[in-house]
1. Pairs of Cα atoms under 8 Å, at least six residues apart: use those to get the relative contact order of the stretch 283-389, whole percent.
2. Work through the residues other than TRP186 whose Cβ is under 15 Å from its Cβ and net out their charges, Lys, Arg +1 and Asp, Glu -1.
3. State the extension gain, in nm to one decimal, for the chain segment bounded by GLN107 and ASN446, taking 0.36 nm per residue of separation less the distance between their alpha-carbons.
4. Based on the Cβ-Cβ distance from ILE411 to ILE22, what FRET efficiency comes out when R0 is 45 Å, to the nearest 0.05?
5. What does the net charge come to around VAL429 if you take all other residues with beta carbon closer than 12 Å to its beta carbon, with K and R at +1 and D and E at -1?
6. Show me 351-364, 29-42, 100-113, 83-96 ranked by packing, highest mean number of other Cβ atoms within 10 Å first.
7. Could you please report the charge total around LEU387, scoring K, R as +1 and D, E as -1 over all other residues with beta-carbon less than 13 angstrom from its beta-carbon?
8. Within the stretch 383-402, name every residue whose backbone N is under 18 Å away from a label modeled 7 Å from Cα of LYS372 along the Cβ vector.
Amino acid sequence: MNNFTKNIHNICKIIDLRKKIIITIILLLVYRFGAYIPIPGINPLGISDFVEKFNSNSKGLMQILSSFTGGAFNRASVLALGIMPYISASIVIQLMCIIFPYFQRLQKDGESGKKKINLISRWLTLFICLIQTPIYLYSLIKQFIPYSLRYLNSTYLLDMNTFYGKSMFLFTGIITLTTGTLFTMWIGDKITDKGIGNGISIIIMSGIISRLPDAISKEFFNKLYNYNIGLIILLLEFLLWIFVISFTILIIKAIRKIPIQYVSHYKFLEFGSRYFNKNKKHQYLPLKVTSAGVMPIIFSQAIMFFPLTISNYINNEKIKNFFYIFHNIYGIWYNSAIFILVIIFTFFYTAITIPVHQISDELKRNGGHIPKIKPGKETIDYIDKILSYITLPGSILLGIIAILPYIVSKIGITKSFSLFYGGTSLIIVIGVILDIAQQIDIYLLNYHYDGLMKMKMNIKNYKI
């Protein structure tokens, strides 16, 4: 506890770090305020009916989608799509970097190539917005949420029962929602540049955490009103939650160390028939057990949103019923599909993000090698084999985390609170918090290092 208060005191003393934290908080407050501004032409009183009906049809899928936007999707806010189109665009770009040689060359071009890829991602985000916004607005019109505007309750300014009224609503809605997504991207970029942490990840985390107090309060009152030993059950649930969080942190931070030897030069001293090697630098290559991070779960859930999106536009009852069984996030079919997809995408994403050939070339170029392993193809095969060994248990553990909300909901935990026991929500929140904590630690280490250097300079001056 003393270290915690000491770190808080040091954070307040570091002016640059303090400014970054304040800027991050202000930008997040702006984003959260925008999540409550409705789209022009939306009846706020009809939102709750729309949410209940849509949520009952999606069987909880909407809760996951809404968690990424902090509830803005439910409220038909100007930021209803949030950052999701940009995430979809980033996923497409990553796949294109594997398939198309042009994007592969851009990846190897360094900073200039990175800027071009970011520019393409933003244009693709705009294109995805122009596809997703009409679908979202059409679902609003279908539920009769938009209302007709009148002059003093007599003359219609905008009649939603006419083609013109609906067209105007769609036109203004597309512009508003697209602008909202671009504004969210701008906030994320500003947090990354002038704040602390990755802006996009922090925005997603803020939306997820905003739903946590409501989920905890529902769980609290549910246990107190329906059970005689509600407090004991609550205590056990929170202990289980802490265990799940610790387990997730362990998986995220777990690494497999491959020893590496960098030889600067050799000095041989002969004593009989023995030779001693001097001036070796012993290091290791860290391979994460979950190198893919949260991306396999995001990929899997993006695919599981597909049945929800197209099922309303299919007239064939057999196909519609087949897609419908994947709507329920607390059902066996949805979770079985998610578990299998997470394992597949973990191997896929690990293969495209860990450049085994490049690692081998870098080791050879810098005079490094794995003990008892020859440079070149043998090194590539060895690293690839180790990756396969650690990715299999890592993918299974990620799959278990992905379906934990389904598992804990079966033991009596409310569905809203069970979403924080696993899945994308928990991994994103933990990953972002660990990243922010790491950046703060770097600032604190630099602060202490500067203090030690000043102390040494003062001692030298004193001796002189």
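Read-outs: derived from the displayed coordinates by stated rules, not from any lab. Computed from a predicted model, the values in this text were never measured in an experiment. Every residue, glycine among them, receives a Cβ derived from its backbone with ideal geometry; neighbour counts consider all protein chains shown.
1. Relative contact order of the stretch 283-389: 28 percent.
2. Counting the neighbours of TRP186, the net charge comes to +1.
3. Details: separation 339, 0.36 × 339 = 122.04 nm, distance 3.15 nm.
Using 0.36 nm per residue and subtracting the Cα-Cα distance, I get 118.9 nm.
4. Computed FRET efficiency for ILE411 and ILE22: 0.60.
5. Details: positive: ARG211; negative: ASP435.
Taking every Cβ under 12 Å from that of VAL429, the sum is 0.
6. Working: 351-364: 15.1, 29-42: 17.4, 100-113: 11.8, 83-96: 19.2.
By packing density, highest mean first, the sequence is 83-96, 29-42, 351-364, 100-113.
7. +1
8. What the label zone holds, given the 18 Å backbone N cut-off, is 383-387, 389.
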